[in-house]
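Enquirer: This structure is in structure tokens; I'll ask about it shortly.
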Amino acid sequence: MVRIQFAIDLNYTLNFPGADFVFNIHAAHTARQRIVSESLQLSQPLLTTIQIEPQTCARFLRLSVEREPLQLSYQATLDIDQHIGDPDKIPETPVARLPLSALTYIYPSRYCQSDRLALLAMKEFGNLPKGYRRVEAICKWVNQHVAFRSATSSSTTSAIDTLTDRVGVCRDFAHLMIAICRALSIPARFTTGIDYGADPALGPTDFHAYVEVFLDHRWYIFDPSGTAIPMGFVRIGTGRDAADVSYATIFGSVNSPPPVISITALTEVGQPWEIPRHRPEALSTDASVDHAAATVLKP
């Protein structure tokens, strides 16, 4: 188990009166990620609404601002008790046995054009034994064939672009891995967290994109960029690709500097918390999901 403490500070100035915000910065409530404490401070009194997406447990903060600048600060402390699996004993789930909640993650999406990567996926991974190790091979392939370099992609960069350019940031690595998995009928989804353990040479602490893949009842964590430590990931948003999980979706004209983010792992004598480290086992912050229940209709 790890205990993680983090903070996110955001600042916005309106260019014109009136703007609506949808934030996805709250830590998700999952079976293995428990919120110990959290707080939200706003620079002005506003009516706020927090809504929870039931399938992914992502939380969305909604508010409207008329004129004044908006400063938002969110802090949370949480315990993460990840499920630990044996990579050699985790099979893939056949499409016919997938739960309905996983089906959406085998289809192409805006940034993950899996329908255009079928030949590549089969050539590189089609003959590998099905299971966690095959997905691990996809993760390693993406890491080895794409170079991490800041400011080399944009909000329109897709998996196909990354495959062509062979350079990108964490979201680009995630999109390419997801697209290859889906091309092999393996459900994969885009997940946001914070880059715990990232090399300071890569820049200030920031939001991080990684991948969750559905294997044998459960969503397992993969980090194709290899820039951070998955054991310390705080799960925030989950979706088909980056279009679903922006930390801030804004309807209006605003200016804003980059977010200021901090994250640390806590330890205390007599407590079960440990410092996150790279582990060879399979990790998940989700509960086990039942296989699909089918209803057979007789003619």
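Just so you know, all these numbers are worked out from the coordinates, no wet-lab data involved. Computed from a predicted model, the values in this text were never measured in an experiment. Because the Cβ atoms are built from the backbone with ideal geometry, glycine has one as well, and the counts that use them run over all protein chains shown.
Enquirer: If each residue of separation counts as 0.36 nm, what is the full-extension length gain between residue 123 and residue 50 once their alpha-carbon separation is subtracted?
Expert: Length gained, residue 123 through residue 50: 21.8 nm.
Enquirer: Could you tell me how far the Cα centroid of the range 87-104 sits from the Cα centroid of the range 143-212, in Å?
Expert: 23
Enquirer: In debye, nearest 20: dipole of the chain around its Cα centre with unit charges on the Cβ of K, R (+) and D, E (-)?
Expert: Once rounded to the nearest 20, the dipole reads 740 debye.
Enquirer: Work out how much length residue 185 to residue 31 would gain on full extension: take 0.36 nm times their residue separation and subtract the Cα-Cα distance, in nm to one decimal.
Expert: 52.8 nm
Enquirer: While we're looking at this one, here's another question. Once you place label points 7 Å from the Cα toward the Cβ at residue 150 and residue 115, how far apart are they in nm?
Expert: Going from the residue 150 label point to the residue 115 one covers 3.8 nm.
Enquirer: Sticking with this structure for a sec: I want the antiparallel fraction of DSSP beta bridges within the range 84-242, as a percent rounded to 5.
Expert: Percent antiparallel among DSSP bridges in the range 84-242 is about 90.
Enquirer: Kindly rank 175-184, 36-45, 22-31, 234-243 from highest to lowest mean number of other beta carbons found within 10 Å of each residue.
Expert: 175-184, 234-243, 22-31, 36-45
Enquirer: Listing 216, 9, 20, 195 from the residue with the fewest other Cβ atoms within 10 Å to the one with the most, what is the order?
Expert: Ranking 216, 9, 20, 195 by Cβ neighbours within 10 Å, fewest first, gives 20, 9, 216, 195.
Enquirer: Taking the 0 to 90 degree range and rounding to the nearest ten, how far is the long axis of helix 170-183 tilted relative to the main principal axis of the chain, both from C-alpha atoms?
Expert: 30
Enquirer: Which order do 141, 219 fall in if you start with the one that has the fewest other Cβ atoms within 10 Å?
Expert: The fewest-first ordering by Cβ neighbours comes to 141, 219.
Enquirer: If I fit a long axis through the Cα atoms of helix 132-145 and take the longest principal axis of the Cα atoms of the chain, what angle between them do I get, 0 to 90°, rounded to 10?
Expert: Tilt relative to the chain: about 60 degrees.
Enquirer: Given N residues in the chain, what is Rg(Cα) / (2.2 N^0.38 Å)?
Expert: 1.02
Enquirer: Continuing with the same structure: Helix-only mean residue ellipticity at 222 nm, the chain, DSSP H runs n ≥ 4 weighted -39,500 (n - 2.57), per residue, nearest 500. What is it?
Expert: Mean residue ellipticity at 222 nm (helix-derived): -4500 deg cm²/dmol.
Enquirer: Enumerate the aspartates and glutamates that residue 130 could reach by cross-link, defined here as Cα to Cα under 12 Å, with residues fewer than 8 away along the same chain left out.
Expert: 88, 92, 216
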